[in-house]
Amino acid sequence: MKKISVLVPTYNEEENVVPLSEAITKEFQVNLPQYDYEIVFIDNCSQDSTQEKISMLCSQDQRIKAIFNSKNFGQFNSPYYGMCQTTGDCTISICADFQDPVEMIPKFVQEWEKGYKIVCGIKTSSRENRMVRFMRSIYYKLIKKLSNVEQIEHFTGFGLYDKCFIETLRTLNDPTPFLRGLVAELGPKRKDIPYEQQRRRAGKTSNNWYSLYDAAMLSFTSYTKIGLRVATMMGFIFSAIGFLIALVYLILKLIYWETFAAGTAPILIGVFLFGAIQLFFIGLLGEYIMGINTRVMNRPLVIEDKRLNFDEEGIVK
């Protein structure tokens, strides 16, 4: 009997973990009775009663497992680490807030049985804020245009991953993993399935503009070189312009040294303009260096506090 793992990353989802567990279990009992399954919760150090409710679920059903992180290790590390701890023939990653429809699970499995190693849920529409949706669309199109690796638009990680790809993730040893980019870069045969993203069922999202910016910059610095190339070209162009302006100013001074006076306004404008451009590209360069620094330190993805209903099979060395 094939085994399917369902990974559910959580952070302050006390109102959702129990109904989501029930919904997933029902989906397997009704639509996928021929499969064994496990539900793996990985909690990123929630500050509410999420861990207590997950512990209760684990005590009631041995198929429900849990990993509790000692601290919050971020929106990328925790789900990635959790996927590497699953033991099924395939792993389905799904949000805890019901924005990813549970009803998609049988569709993912159906495509997996046809031979696809990765099945991605693609948001064709969403009930989220229109401005957020608009900004996301611009981001996806921009990163797809600039990246040297084909990126997947409106893919959040919701999907199915065969155990061969999970094994690939285990061997990468990347301390700052960006799953969406890895699927596009290293993923084998893939099937995309459209769906409408639902509204959050309960609770408050932990995502904000800073976390969205963090995700955007991680993908940008991991999969594009355009920022550094533009900085180099802009630096060359403005250096040439500055040299020409200085040369013209010097010639005019020598010829009309008694009457020519350019004043300080052009100088101030030039200084502020060049200064602003330099600061922008220094910040961009810092993003790349920060990514390199994190990878060089090679710290663990997460540090566990404890795990429930696991045996040695699910531990990655």
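The values are calculated or read from the model by the stated rules, or taken from the named source; none is laboratory data. The shown structure was predicted, so the numbers you read here are calculated from the model rather than taken from an experiment. Cβ coordinates were reconstructed from backbone atoms using ideal geometry, including for glycine residues, and neighbour counts include every protein chain displayed.
Table for the structure above
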quantity: Residue match in the range 2-13 (condition: more than 20 Å from the chain's Cα centre (by Cα) and of a type in the set (Asp, Glu)); calculated: no
quantity: Selected residue (only one of VAL119, VAL40 is crowded, with 21+ Cβ neighbours inside 10 Å, over 18 Å from ASP311 (Cβ atoms) and among the hydrophobic types (A, V, I, L, M, F, W, C)); calculated: VAL119
quantity: Matching entry among PHE68, PHE98, PHE76 (being under 22 Å from ARG170 (Cα atoms), out of contact with any Phe, Trp or Tyr (no Cβ under 8 Å at 6 or more places or on another chain) and hydrophobic (A, V, I, L, M, F, W, C)); calculated: PHE68
quantity: Residue match in the range 98-111 (condition: touching a helix residue (DSSP H, G or I) at 6+ places or on another chain (Cβ under 8 Å), acidic (Asp, Glu), assigned to a helix (DSSP H, G or I) and in the same structural domain as ALA184 (by TED's automatic domain parsing)); calculated: yes
quantity: Out of GLN75, GLN60, sole residue that is surrounded by fewer than 22 Cβ atoms within 10 Å (Cβ to Cβ) and farther than 14 Å from ASN309 by Cα; calculated: GLN75
quantity: Residue among GLU185, GLU153, GLU167 that alone is modelled with pLDDT of 85 or more and either part of a strand (DSSP E or B) or not basic (Lys, Arg) (or both); calculated: GLU167
quantity: Residue match in the range 125-145 (condition: touching a strand residue (DSSP E or B) at 6+ places or on another chain (Cβ under 6 Å), under 27 Å from ASN173 (Cα atoms) and either outside any loop (DSSP other than H, G, I, E, B) or modelled with pLDDT under 95 (or both)); calculated: no
